[in-house]
Amino acid sequence: MKTLAYHRPKSLDEVFDLMASSEDAAYIAGGTDLLVSGGASPPTLISLRSVPELMGVDETRIGAATPVADVARHPGLAASHPVLVAAARRLGSEQIRNVATVGGNLCRAAPCADLAPPLLVLEARAEIVGRGGTREVPIDEFFAGPGETVLAPGEVLAAVRLDPPRTGAQGRFLKKGRVRMDLAIASVALLVEAEGGRCRRIRIAAGSVAPTPLRLQPVEALLEGAELTDEILEEAAALAAATVRPITDVRSTESYRRRIVGVYVKRGVAQALAGGEA
Amino acid sequence: MTLDISFSLNGAEVVVGVRPHQRLLDVLRRTLGMTGTKEGCGEGECGACTVLVDGRVVNACLYPALEIEGRSVTTIEGLLGADHQLSPLQESLVARGAIQCGFCSPGVILSAHALLDRNPNPSDAEIRDALVGNLCRCTGYVQIVEAVQEAADRLGSESDV
Ligand SMILES: Cc1cc2nc3c(=O)[nH]c(=O)nc-3n(C[C@H](O)[C@H](O)[C@H](O)COP(=O)(O)OP(=O)(O)OC[C@H]3O[C@@H](n4cnc5c(N)ncnc54)[C@H](O)[C@@H]3O)c2cc1C
Ligand code: FES
Ligand code: FES
């Protein structure tokens with residue numbers, strides 16, 4: 001099927017009017033997912049690229065239409081939420097990052113979406129708008145399954161909202177692909193707060209190892225309050241490997257994915273404790 | 001349904017009729033006959049279709065043509081000097097054996113050009129990172145990375161004087 005109509009609304013009101021008046025329409029942002037998957041594009045596309053309500057990026061709110069490159073190169077975000085910037089830098093190529101949007105990455109709801117694990121550990125919120133108004137949903141509840149979100153038909157992800165950074169929190173993002181530009185075989189984001197070798201608080205999330213991007217709460221519970229010794233990190237790695245629910249597909253196998261996640265949890269904590277760049 | 005849109009192409013204003021399903025790549029190659037921009041995979045993987053939109057590299061195979069309205073596009077043809085002179089970057093690529101069959105070259109050149117614009121003094125890792133989205137089946141990349149480094153050095157010393 002070829003696209004027969006391509007609309008470029010200039011406001012959210014116009015977006016909802018167009019959606020209401022068309023039965024077969026879909027939203028398009030950067031199009032780097034939509035225009036690749038299989039070639040059967042929807043007959044009517046409503047572009048979200050020129051909608052002011054979805055634009056703009058700072059340390060508290062990232063508009064859904066923000067290109068991933070603008071996150072990767074944002075000095076304010078690099079200082080406040082480096083774990084997110086590190087993941088943005090690992091998404092696709094420069095060409096892809098310049099058009100791929102933050103909203104598209106989340107709304108596609110792929111298990112491998114690189115921005116999901118860092119947003120999960122930052123406990124970000126999704127700002128969702130529809131005809132009836134705005135609601136906020138924790139990112140943890142945004143993904144409903146592979147390719148599925150909690151967005152109701154016609155609803156739009158307007159932005160991602162971030163809390164101010166927590167003092168002393170160290171973030172890390174680790175991603176395994178076959179080559180540098182590849183979807184993740186597995187990825188891990190984590191955010192550690194430690195004092196004198198003891199873990200005060202930790203958030204861990206993984207990509208490509210379950211039907212949706214996943215918070216690893218059992219591993220967090222094991223580590224919080226504990227002395228971060230080699231022994232407990234071994235235990236955390238084993239628990240992480242047991243907690244995830246990966247599959248074998250063209251990119252990798254179930255057992256390799258479990259291993260990688262374990263190794264990355266251990267390595268990520270060690271790197272975070274050592275300090276330096278996310 | 002065909003819509004007329006206008007945009008700037010290599011510095012000149014153009015008006016073209018575009019259909020909703022067309023990609024920027026189709027408009028450049030078919031409508032305008034500008035074949036310097038190549039089509040390899042058609043899926044954003046190979047970078048043969050790389051062009052600059054408002055100074056940023058994009059894959060023309062994934063860019064809906066209608067989105068180009070009012071924007072500024074630079075293709076490989078746009079880098080040619082008035083006297084058909086190659087740029088220092090292009091000269092370095094030729095001199096270093098970084099151009100073999102040449103199919104990837106327009107995309108490689110535009111990616112490296114955009115890199116040197118925003119970072120005139122890139123490290124080896126930064127050059128490789130900027131070229132992640134440009135596949136080359138011939139050179140093995142080492143020559144390309146060296147050529148970009150050499151061009152950066154040359155451009156740097158030229159602007160010093
Ligand atoms: C070569 C290549 C490499 C890639 N590498 C990576 C990678 O390393 N990591 C990674 O995570 N992804 C990767 N991707 C996938 C893709 O680029 C990203 O997921 C990107 O962020 C998608 O954003 P987009 O704006 O292009 O989405 P689109 O294709 O425009 O949209 C995706 C989906 O989300 C919906 N949508 C978009 N925005 C909204 C919104 N605001 N509200 C409601 N619905 C919306 C659309 O209707 C569509 O269903 C790659 C893709 C390609 C082609
Ligand atoms: S043809 Fe566009 S990336 Fe390959
Ligand atoms: S020179 Fe042949 S593909 Fe690069």
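The values are calculated or read from the model by the stated rules, or taken from the named source; none is laboratory data. Nothing here was measured: the structure is a model prediction, and the numbers come from that model. Counting neighbours? That spans all protein chains shown, and the Cβs are built from the backbone with ideal geometry, glycine included. Please note that ligands, DNA and RNA were not included when accessible areas were found on the heavy atoms of the full protein model with its side chains. Shrake-Rupley method; radii C 1.70, N 1.55, O 1.52, S 1.80 Å.
Model label points for A:E195 and A:R259, set 7 angstrom from Cα along the Cα-to-Cβ axis, are 3.9 nm apart.
Ranking of A:R131, B:R137, A:R257 by solvent-accessible surface, largest first: B:R137, A:R131, A:R257 (1.4 Å probe, protein heavy atoms only, all chains present). With the simple spin-label model, which puts each label point 7 Å out from Cα in the Cβ direction, the A:E148 to B:E91 separation comes to 6.1 nm.
How much length is gained if the chain between A:A242 and A:T167 is pulled fully straight, taking 0.36 nm per residue apart and subtracting their Cα-Cα distance, in nm to one decimal?
Working: separation 75, 0.36 × 75 = 27.00 nm, distance 3.10 nm.
Computed gain between A:A242 and A:T167 is 23.9 nm.
When a/c reaches 1.5 or more, the comparison of a/b and b/c decides; with that in mind, is chain A rounded, prolate or oblate per its Cα gyration tensor? The partial results should precede the final answer.
Values: a/c = 2.16, a/b = 1.70, b/c = 1.27.
Prolate.
Mean-square fluctuations from a GNM of chain A, with a 10 angstrom spring cutoff on Cα atoms, peak among A:A226, A:A158, A:A236 at A:A226. Shown here are the Rg and Dmax of the Cα trace of the stretch A:152-273, at 15.4, 50 Å. A Förster radius of 22 Å, combined with the Cβ-Cβ distance separating A:A5 from A:V36, puts the computed FRET efficiency at roughly 0.60.
Count charges around B:Q149 for me, please; just the other residues with Cβ under 11 Å from its Cβ, Lys/Arg as +1, Asp/Glu as -1.
Working: positive: B:R96, B:R128, B:R154; negative: B:D124, B:E126, B:E146, B:E150, B:D153.
Computed value for this residue: -2.
Rounded to the nearest 500, what is the 222 nm mean residue ellipticity of the protein assembly as shown from helices alone, with -39500 (n - 2.57) per DSSP H run of 4+ residues and division by all residues?
Rounded to the nearest 500, it is -9000 deg cm²/dmol.
Taking the three principal axes of the alpha carbon atoms in chain B, the coordinate ranges are 50, 35, 25 Å, sorted in descending order.
Of A:K175, A:K266, the order by accessible heavy-atom surface (1.4 Å probe, DNA, RNA and ligands excluded), from most exposed downward, is A:K266, A:K175. Averaged over the residues of B:17-25, the number of partner chain Cβ atoms lying within 10 Å of the residue Cβ comes to 3.
Within a 10 angstrom radius of each residue's Cβ in B:61-71, how many Cβ atoms of other chains show up on average? Whole number is fine.
Values: counts 3, 11, 7, 13, 1, 6, 9, 0, 2, 1, 0.
Partner Cβ neighbours, averaged per residue: 5.
Partner lysines whose Cα lies under 28 Å from the Cα of A:K175, excluding those fewer than 8 positions away in the same chain, are identified as A:K266. By the gyration tensor of its Cα atoms, with a ≥ b ≥ c the square roots of the eigenvalues, what is the shape of the stretch A:1-50: rounded for a/c under 1.5, prolate for a/b over b/c, or oblate? It comes out oblate by the Cα gyration axes.
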